[in-house]
Amino acid sequence: MHGIRGESSYRTIWISDIHLGTRGCKAEFLLDFLKHTKAEQIYLVGDIVDGWRLKRSWYWPQSHNDVVQKLLRKARKGTRVVFIPGNHDEAARQFAGLQFGGIDMRRECIHETADGKRLLVIHGDEFDVIVRYAKWIALLGDWTYNFLLIANNYFNAARKQFGFPYWSLSAYLKHKVKNAVEYISQFEDAVANVARQRGLDGVVCGHIHHAEMRDIDGVLYCNDGDWVESCTALVEHFDGRLELLYWAELCPDLSTPRKKRRKNKRPDLQPAA
């Protein structure tokens with residue numbers, strides 16, 4: 001995997017599950033990503049702001065405000081920005097069809113790639129049985145998940161001191177648990193089936209914090225991941241080719257201690273051909 005110097009251009013970028021308003025949000029990684037990429041259109045595929053967490057306790061550092069301002073600035077400069085709210089920022093769904101600060105609000109939409117593929121773009125919580133029918137279980141899981149994210153921050157702070165790159169403890173534990181793996185598989189199949197029923201070529205979603213791009217019985221399933229664990233984005237090149245970018249791997253200098261980082265130059269990178 002390569003890293004990027006300067007600014008890389010894409011036809012489309014999809015990002016989701018930023019969870020602004022939580023301590024687990026990797027705003028520094030996202031700001032670096034937004035600084036070094038540009039696109040004709042950006043889809044914000046839900047859980048951009050974590051309303052669940054903000055209702056319980058207020059947390060909004062300057063870096064989180066900087067992310068919002070950066071996205072608004074891109075919209076002002078001509079990038080088409082579409083916001084599709086998720087379950088953590090579900091209050092914004094009532095504004096679907098309106099525009100705020102140059103950002104289009106949608107419940108879902110269909111994106112056509114440069115090579116003619118039609119992709120359903122949704123957050124995906126509608127197909128999560130736990131969120132849909134037992135919200136109290138989801139809230140309990142959210143509390144446990146946030147505890148893991150806080151522990152993950154301390155874990156990576158220790159890794160920094162020894163010069164090791166960022167590594168997600170919470171993601172590692174989640175994908176080692178059999179039930180979590182089965183849940184991810186069931187979710188992916190359910191979302192892909194919706195695209196199939198609508199006669200579409202594929203789907204782009206978020207929600208489960210698991211970046212993935214694969215064929216599921218003839219339907220292209222794409223999950224753009226998150227910015228609390230994997231720091232990933234889905235991008236479309238100008239020929240219609242799709243690619244997952246793992247920003248924590250592309251820019252390992254962000255994972256090193258600050259004193260060392262100032263001495264390092266950014267890696268010399270371009271997206272894979």
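The values are calculated or read from the model by the stated rules, or taken from the named source; none is laboratory data. This is a predicted model, so every value here is computed, not measured. Glycine gets a Cβ as well: all are built from the backbone with ideal geometry, and neighbour counts include every protein chain shown.
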(message) Looking only at the stretch 190-211, filter to residues that are touching a Cys at 6+ places or on another chain (Cβ under 8 Å) and at pLDDT 95 or above; which one of those is surrounded by the most Cβ atoms within 10 Å (Cβ to Cβ)?
(response) C205
(request) Identify all residues within the stretch 68-103 that are surrounded by 16 or more Cβ atoms within 10 Å (Cβ to Cβ), polar (S, T, N, Q) and farther than 20 Å from W52 by Cα; write none if there are none. (result) T79
(request) Considering every residue within the stretch 50-67, establish whether at least one is under 20 Å from L245 (Cβ atoms), of a type in the set (D, E, K, R), surrounded by 20 or more Cβ atoms within 10 Å (Cβ to Cβ) and touching a Phe, Trp or Tyr at 6+ places or on another chain (Cβ under 8 Å). (result) no
(request) Give the residue, chosen from G225, G218, that is crowded, with 24+ Cβ neighbours inside 10 Å and out of contact with any helix residue (DSSP H, G or I) (no Cβ under 6 Å at 6 or more places or on another chain). (result) G225
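Among the residues of the stretch 233-244, are any part of a strand (DSSP E or B), closer than 14 Å to Y10 by Cβ and free of Cβ contacts under 8 Å to residues at least 40 places away in the same chain?
As a first pass, look at the stretch 233-244 and keep what is part of a strand (DSSP E or B): 233-236, 242-244.
Still in the running and closer than 14 Å to Y10 by Cβ: 233-236, 242-244.
Imposing the further condition that a residue be free of Cβ contacts under 8 Å to residues at least 40 places away in the same chain reduces the set to 243-244.
Yes.
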(request) Considering only the stretch 40-65, state which residues are touching a strand residue (DSSP E or B) at 6+ places or on another chain (Cβ under 8 Å) and hydroxyl-bearing (S, T, Y). (result) Y43
(message) Contact list please: Cβ distance under 6 Å, first residue in the stretch 75-97 and free of Cβ contacts under 8 Å to residues at least 24 places away in the same chain and outside any strand (DSSP E or B), second residue charged (D, E, K, R) and surrounded by fewer than 21 Cβ atoms within 10 Å (Cβ to Cβ), pairs at least six apart or on different chains.
(response) A96/R106; A96/R107
(request) Taking G46 as the residue in question, decide whether it is assigned to a loop (DSSP other than H, G, I, E, B) and over 17 Å from the mean Cα position of the chain (by Cα). (result) no
(message) For the condition at pLDDT 80 or above and at negative phi, what is the one hit in F155, F187, F164, F147?
(response) F187
